[in-house]
Amino acid sequence: MRDLRFVLAAGILLAFSGCGVYSTHSGRVAASLQRVTVPYLENRSSEPGIEIELTESIIAALQADNTLKVVDPDDAQSELSGAVVGYRRRPVFTTRELQVDEYQVQIVVELTFTDLVSGKPVFAKKRFTGTGNFILDDPAGTTESTARQEAAEQIVRDVVASVTEDW
């Protein structure tokens with residue numbers, strides 16, 4: 001019994017030994033890009049207000065990541081700009097009676113990250129896509145709004161990774 005407790009304790013210690021604070025990026029973003037401005041995205045989709053929601057989420061995520069500093073345009077060395085180019089709700093699953101009961105929200109954003117000092121893009125017109133599903137009359141509470149939020153979160157994660165990665 002004592003051996004079993006020892007093996008169990010050793011397994012738990014081993015499982016948690018790698019759970020320290022870490023970062024998924026090296027933090028070595030070029031010094032010429034570290035102060036970024038993020039103007040509101042243009043909305044080329046049919047979904048009103050999505051550009052505001054996504055812009056504010058991207059800014060908040062960049063601030064939380066702390067690799068770049070979000071600043072006013074006058075103080076910026078780089079700019080992340082673009083547009084929401086698509087918002088689509090499409091049927092995913094149907095019942096035996098051919099009634100649609102699950103939908104997918106898909107959001108597409110096109111962004112350009114520009115070095116304002118050189119005037120050259122780090123990347124241009126790069127597309128980011130996020131998706132989220134919801135079920136009609138779902139007792140668990142999934143709605144188009146929760147699917148939209150899930151899609152937006154996916155885009156924001158991908159944008160932050162693209163902007164803060166080593167080039």
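The values are calculated or read from the model by the stated rules, or taken from the named source; none is laboratory data. A quick note: this is a predicted structure, and the numbers were derived from the prediction, not measured. Note that each Cβ is placed from the backbone with ideal geometry, even for glycine, and that neighbours are counted across all protein chains shown.
Brief remarks follow.
- Residue within segment 131-140 that is surrounded by 13 or more Cβ atoms within 10 Å (Cβ to Cβ), polar (S, T, N, Q) and touching a strand residue (DSSP E or B) at 6+ places or on another chain (Cβ under 6 Å) present: yes
- Hits in segment 89-109 (condition: within 15 Å of S45 (Cβ to Cβ), without any contact (Cβ under 8 Å) to a residue 60 or more places away in the chain and touching an Asp or Glu at 6+ places or on another chain (Cβ under 9 Å)): R89, V105
- Pairs, first at pLDDT below 95 in segment 23-44, second surrounded by 12 or more Cβ atoms within 10 Å (Cβ to Cβ) and hydroxyl-bearing (S, T, Y), C-beta under 7 Å, six or more apart: H25/T67; H25/T164; G27/T67; V29/T67; V29/T164; L33/S78
- Some residue of segment 120-128 being small (G, A, S), exposed (fewer than 15 other Cβ atoms within 10 Å of the Cβ) and not in a strand (DSSP E or B): no
- Out of E79, E165, E97, sole residue that is modelled with pLDDT under 95, within 24 Å of V36 (Cα to Cα) and either within 13 Å of the chain's Cα centre (by Cα) or not basic (K, R) (or both): E165
- Among the residues of this structure, E144 counts as one that is more than 16 Å from the chain's Cα centre (by Cα), surrounded by fewer than 15 Cβ atoms within 10 Å (Cβ to Cβ) and free of Cβ contacts under 8 Å to residues at least 60 places away in the same chain.
- Restricting T55, T37 to residues that are more than 15 Å from the chain's Cα centre (by Cα) and either surrounded by 15 or more Cβ atoms within 10 Å (Cβ to Cβ) or not polar (S, T, N, Q) (or both) narrows the list to T37.
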